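First the structure, in the form of structure tokens, and then the observations on it.
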Amino acid sequence: MSDSTKPMPSEEELKKKLTPKQYHVLREKGTEAPFSGKLLPLSKDGLYHCAVCGNPLFAAGAKFDSGTGWPSFDQALPGAVREVADDSLGMSRTEVVCANCGSHLGHVFDDGPTATGKRYCTNSVCLV
Ligand SMILES: [Zn+2]
């Protein structure tokens, strides 16, 4: 049994709900090409939600332009994401997943330019 607080759609339902690219990134830990994502225009007090389960993940005010081509945030909402060690591709990185549904969002790095020192590098297709 899972400990999630919201009922999770099945993988079949997710395949219908998400675009093929969203499904690949979120459920198969893919990565979108840099600068390919549409950066949603949002007011400063808007929220970015998980594309799978709707869990609020990041505040628009935490978003900054990292120049990497992926949406970047200097902090996540409290308890919104889980950080998981990722040693794939011969690199030691920290994967960021939705705390509610476990979907892959991106990676977090400790070289952020703001006061938090964190850089949450996310795939824009994971956010709504
Ligand atoms: Zn989620």
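Here, each number is a calculation from the coordinates, and none is a lab measurement. Quantities reported herein were computed from a predicted structural model and do not represent experimental measurements. Using ideal geometry, Cβ is built from the backbone for each residue, glycine included, and neighbour counts are taken over all protein chains shown.
Shown here for the stretch 30-128: chymotrypsin sites (Phe, Trp or Tyr not before Pro) in loop regions (DSSP other than H, G, I, E, B) with at most 12 other Cβ atoms within 10 Å, namely PHE35. Taking other residues whose beta carbon is less than 15 angstrom from the beta carbon of LYS44, and scoring Lys, Arg as +1 and Asp, Glu as -1, yields -2.
Restricting the calculation to alpha carbons of the chain gives Rg and Dmax of 14.0, 41 angstrom.
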